[in-house]
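Just below is one structure, and these are the notes that go with it.
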Amino acid sequence: MNQRIDIDFRSDTVTRPSPAMLQAMMAAEVGDDVFQDDPSVNALEAYAARITGKQAALLCTSGTQSNLVALLAHCQRGDEYIVGQEAHTYKYEGGGAAVLGSIQPQPIEFEADSTLDLEKVRDKIKADDYHFARSRLLCLENTRYGDVLPLDYHDRAASFCEETGLALHLDGARLFNACVKQNVDVAEISQHYDSVSLCISKGLGAPAGSLLVGTEALITEARKWRKMLGGGMRQAGYIAAACQYALENNVQRLAEDHANAQLLARGLSTISGIQCDPASVQTNMVFITLDSAETADRLRAYLAEQGIAVLGGQMMRLVTHLDIDAHGVDKMLASCRRFFSARGPVMLPAGGKPDPSDPLTFPRG
Ligand SMILES: *Cc1c(COP(=O)(O)O)cnc(C)c1O
């Protein structure tokens, strides 16, 4: 990118550490975390376990690694995990569970509310028969495309897993967005899961780091896999200090990102040439549809000249985060208005949320 980008809607992963977070990192007391004697990592893991109501936690390099070590810890070679068709773990993590764990995925379609229909899951659970892989785990995702899982679903999923003997993992990359949206404590959701993966490097603003939480036994197993995957960092306390700062200071402010997403969606919905439904925006993601991929290319280039970055083609995903304030949203709206007012009326295709079978579906992250 040549132009200087100062308003970046591509993802909430682009957030950079604030001066206060950097200060916390600089002040961190560190040790060697592979020997488990980095005090900042140990404190962070204890804190994460406490707030999620779990026995233990493990700092991982990324959400991909955190999900992968969870799957490797839960499942043996020849086991199977049931997962949503467009789920991050299944589709956007390089097939790691299959490649590195010989764990067979059994994907099924998501419902419109981002749940997996538990009766459809039941139909996929394989009988105890030597022809079949062993169905071992159910993996859910919250938020998904910015949508939150209904609160009563967690309990239903947990009861279902207890009944059927499956373990239950939550890819909670943006779980704190759901907690803020639904005004619940993270433990209220995490209590229903055997393990939860949390990204601290997205809207919470840490430069890197994800946390896996679960039982002591599971985390001990996950720690072994993390080492094998090259995730044993030494003076990781600098990263842990950033994550600690993020968890203590940047959770409640996610509400501002949600408000800015609303502001953005409402503004974009009034622009002729953009299809956007503000009512579908639940947290920090706004989806828009344009009349063609070519328009999208031109809009992307036009916005880049104004220092604004967006991602996607005819369907775009715009993500708000702590490095975009209401002023940035206004600038984006003004730029889009200018771009579209210079053109005649446009025909828009049917739009709304992304259609996962659509080849135009953007990359995630
Ligand atoms: C971002 C994300 C992850 C993990 O991504 P990393 O880039 O590896 O940290 C996992 N699941 C979902 C749903 C995500 O959005």
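The values are calculated or read from the model by the stated rules, or taken from the named source; none is laboratory data. All values reported here derive from a predicted model rather than from experimental measurement. Using ideal geometry, Cβ is built from the backbone for each residue, glycine included, and neighbour counts are taken over all protein chains shown.
Just a few scattered comments:
- Some residue of the stretch 227-244 being under 30 Å from Gln76 (Cβ atoms), in a helix (DSSP H, G or I) and among the basic types (Lys, Arg): yes
- Counted residues, the stretch 55-86 - those being crowded, with 24+ Cβ neighbours inside 10 Å and assigned to a loop (DSSP other than H, G, I, E, B): 0
- Of all residue pairs spaced 6 or more apart or on separate chains, those with beta-carbon atoms under 7 Å, a first member in the stretch 283-307 that is on the phi > 0 side of the Ramachandran plot and a second member that is outside any helix (DSSP H, G or I) are Gly307/Gln3; Gly307/Arg4; Gly307/Ile5; Gly307/Asp6; Gly307/Ile7.
- Among the residues making up the stretch 261-309, a single one is among the acidic types (Asp, Glu), out of contact with any helix residue (DSSP H, G or I) (no Cβ under 9 Å at 6 or more places or on another chain) and not in a helix (DSSP H, G or I): Asp291.
- Filter result for Leu170 (within 16 Å of the ligand (Cβ to nearest atom), crowded, with 23+ Cβ neighbours inside 10 Å and outside any loop (DSSP other than H, G, I, E, B)): yes
- Candidate set: the stretch 173-193, residues that are free of Cβ contacts under 8 Å to residues at least 60 places away in the same chain and within 16 Å of the ligand (Cβ to nearest atom); chosen: the one nearest to Ala265 (Cα to Cα): Leu175
- Flag if Ala157 is of a type in the set (Gly, Ala, Ser), over 26 Å from Asn249 (Cβ atoms), assigned by TED's automatic domain parsing to the domain that holds Ala70 and away from the ligand (no atom under 12 Å from the Cβ): yes
- Extreme residue, surrounded by the most Cβ atoms within 10 Å (Cβ to Cβ), among residues of the stretch 274-327 that are of a type in the set (Val, Ile, Thr) and in contact with an Asp or Glu (Cβ under 7 Å, 6 or more places away or on another chain): Thr320
- Search result, residues across the stretch 88-108 that are buried (at least 16 other Cβ atoms within 10 Å of the Cβ) and within 14 Å of the ligand (Cβ to nearest atom): His88, Thr89, Tyr90, Lys91, Glu93, Gly96, Ala97
- Count - residues of the stretch 194-218 that are away from the ligand (no atom under 16 Å from the Cβ) and either of a type in the set (A, V, I, L, M) or surrounded by fewer than 24 Cβ atoms within 10 Å (Cβ to Cβ) (or both): 5
- Meets criteria (surrounded by fewer than 21 Cβ atoms within 10 Å (Cβ to Cβ), aliphatic (A, V, I, L, M) and farther than 27 Å from Arg77 by Cα) for Val148: no
- Cross-chain or 6+ apart pairs with Cβ under 6 Å, the stretch 160-171 first and assigned by TED's automatic domain parsing to the domain that holds Leu198, then within 16 Å of the ligand (Cβ to nearest atom) and among the β-branched types (Val, Ile, Thr): Leu170/Val196; Asp171/Thr89
- When Ala73, Ala167, Ala127 are checked against the criterion of being of a type outside the set (Val, Ile, Thr) and farther than 30 Å from Ala206 by Cβ, Ala127 stands alone in meeting it.
- Test: residue in the stretch 138-147 that is assigned to a loop (DSSP other than H, G, I, E, B) and hydroxyl-bearing (Ser, Thr, Tyr): yes
- Among the residues of the stretch 310-321, just one is at pLDDT 95 or above, out of contact with any helix residue (DSSP H, G or I) (no Cβ under 7 Å at 6 or more places or on another chain) and not basic (Lys, Arg), namely Met315.
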